[in-house]
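None of the figures in this text is laboratory data; all of them are computed from the coordinates on show. This one's a predicted model, so the numbers in the text were calculated from it and none came from an experiment. Glycine gets a Cβ as well: all are built from the backbone with ideal geometry, and neighbour counts include every protein chain shown.
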Amino acid sequence: MSNILKSLLVGTALTAVTAAHATELEVTHWWTSGGEAAAVSKFAEAWNATGNTWVDGAIAGSGDTARPIIISRILGGDPMAATQLNHGRQAQELIEEGLLLDLTDVAEAGGWADLVNPSSLLDACTFEGKIYCVPVNIHSAQWIWLSHDAYEKAGLEVPSDWNEFAASAAALQDAGTLPLAMGQQGWQQNIAFDAITLAVAGLDAWKEVRINKNADAVRGPEFTAAFEAAAKARALAAESNVQDWNQATNMVITGQAGAQIMGDWAQGEFSLAGQVEGTDYSCLPGLGLNPVLDTGGDAFYFPVNGDADITAAQKELAAVLISPDVQVSFNLAKGSLPVRGDIDMSSANGCMQKGLQILADGGVLPSTDISFSQDTTLQLEDLQAQFWTSDMSAADAQEAYADIIEDAD
Ligand code: GAL
């Protein structure tokens, strides 16, 4: 047989093998801002590099918009092959209904129990001893982002904590700058309130409420101070007439606003805008007063599929998403911390390095997605949406908050 014929036969065989394993997976997520899209493209590139195909199912809007769509598709028998959700209790009903793929064999083969750090992330994927999601990052919500341009224009030093920020607000306003940018959605206002409570009420009171669901702690003096601080912050954000979180981040990037309280996914927007931490913007975890971080973040879940090839591809994708190189490329773009401690993140910027140090020092706490049910979280978000867009008194908001925590599950 001629060499040409041999190489043709080998080539055909290889193509056939690749084609046999070339599986298209529809993947849903809500990462539609510039920074988020840049990050999720790292996942898509890695999956396509295996010879398979990532069919992107981006859903516009926030997680509060996308989650009901995702969950109803799965419950309704029209599942995607993989989906982002926050790790924690969001998928609990789907797991209980047997609708999500058990990934325990993938986790054991990949040694996830030894490499996922903190191990609470894997606990948040575990139900009755089986693992149903692959955690892909750690996002924390308790950050404030500050514009150096805005402070230069106001003739002020960039604040080093929440109290200095609050004291700088009048000068920002005098310079024609919005002190606090905020999108008009309850989950964003809830993040702002939660970060203010961590900074003002303190870690012990925050834990009593956020972890122990202690309604009396909500009525205590620490949370009274936090609600009063939130009422003052409300005035500083009153002119923030944008909807989406990344629009508010853009106001900081362009110096139209002095600051934004938002999760560390905001870094993806600064990076995309070519802004440099320490030169163009600063970030303060725990608003500079209590540098601890909640281990929120994202994980991928895989609806059960009757097709063995799809199931095999779903498991292959789970392994790809937590692999070392993909963890580095995705998290650097996303502005989040990786879920494994055995990779080189030396190229991470100063904000991520602050987060990595807090993680290394053990300054981490469970996120709301892990502590509270979706129902409780949505009640808290609705209350915040009402509080931040009305003249509801701090005392009334505090009592309403306590009532929600009273019944929290
Ligand atoms: C969070 C998610 C982040 C981020 C943010 C804004 O729930 O964990 O990855 O993108 O929503 O969309």
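Brief remarks follow.
- Remark: the range 364-376, residue by residue, has Karplus-estimated 3J(HN,Hα) of 10, 9, x, 7, 4, 5, 9, 7, 10, 5, 4, 4, 5 Hz, where x stands for each Gly or Pro and the curve is 6.51 cos²θ - 1.76 cosθ + 1.60 at θ = phi - 60°.
- Summing +1 for each Lys or Arg and -1 for each Asp or Glu among the other residues whose beta-carbon sits under 12 angstrom from that of residue 363 gives -1.
- With a cut-off of 11 Å between beta carbons, the residues surrounding residue 378 carry a summed charge of -3, where Lys and Arg count +1 and Asp and Glu -1.
- Long-range amide H partners of residue 243 with built H, under 5 Å: 184
- Cα shape, the range 301-408, gyration tensor, a/c 1.5 rule: oblate
- Amide H contacts of residue 26: 55, 81, 82, each under 5 Å away and 5 or more positions distant or on a separate chain (H built 1.01 Å from N in the peptide plane; Pro and chain starts excluded).
- At R0 = 25 Å, FRET efficiency that the Cβ-Cβ distance of residue 325 and residue 357 yields, to 0.05: 0.60
- Classification of the chain by its C-alpha gyration tensor yields a prolate form. The axis ratio a/c (a ≥ b ≥ c) is 1.5 or more, and a/b outweighs b/c.
- Volume per residue of the convex hull around the Cα atoms, evaluated for the range 353-409, comes out as 118 Å³.
- Stokes-Einstein translational diffusion, the range 54-185 - Kirkwood Rh over all Cα pairs, 0.692 mPa s, 37 °C, in µm²/s: 177 µm²/s
- Here's how it looks for residue 293: its modeled amide H is under 5 Å from those of 364, 365, which are all 5 or more places away or on a different chain.
- Rounded to the nearest whole Hz, the Karplus-based 3J(HN,Hα) values (6.51 cos²θ - 1.76 cosθ + 1.60, θ = phi - 60°) of the range 188-196 follow the sequence 6, 5, 5, 4, 5, 4, 5, 5, 5, with x at glycine and proline.
- Taking a Cβ cut-off of under 12 Å around residue 340, the surrounding Lys, Arg, Asp and Glu residues balance to a net charge of -4, with basic ones at +1 and acidic ones at -1.
- Spin-label model, residue 308 to residue 174: label points 7 Å out along the Cα-to-beta-carbon direction sit 7.5 nm apart.
- Computed FRET value (nearest 0.05) for residue 212 with residue 119, which takes r as the C-beta separation and R₀ as 25 Å: 0.75
- Sorting 392, 182 from the fewest to the most surrounding beta carbons within 10 angstrom yields 392, 182.
- Once the chain from residue 395 to residue 78 is taken as fully extended at 0.36 nm per residue, the excess over their C-alpha distance is 109.6 nm.
- In Hz, Karplus ³J(HN,Hα) per residue of the range 116-128 (6.51, -1.76, 1.60; θ = phi - 60°; x = Gly, Pro): 6, 9, x, 5, 4, 5, 6, 4, 6, 9, 9, 9, 6
- Each Lys and Arg adds +1 at its Cβ and each Asp and Glu adds -1 at its Cβ; summed about the Cα centre, the chain shows a dipole of about 880 debye.
- With the helix formula -39500 (n - 2.57) applied to DSSP H stretches of n ≥ 4, the chain reaches a computed 222 nm mean residue ellipticity of -15500 deg cm²/dmol.
- Within the listed set 114, 382, 298, the Gaussian network model of the chain (springs between alpha-carbon atoms below 10 Å) gives the highest mean-square fluctuation for 114.
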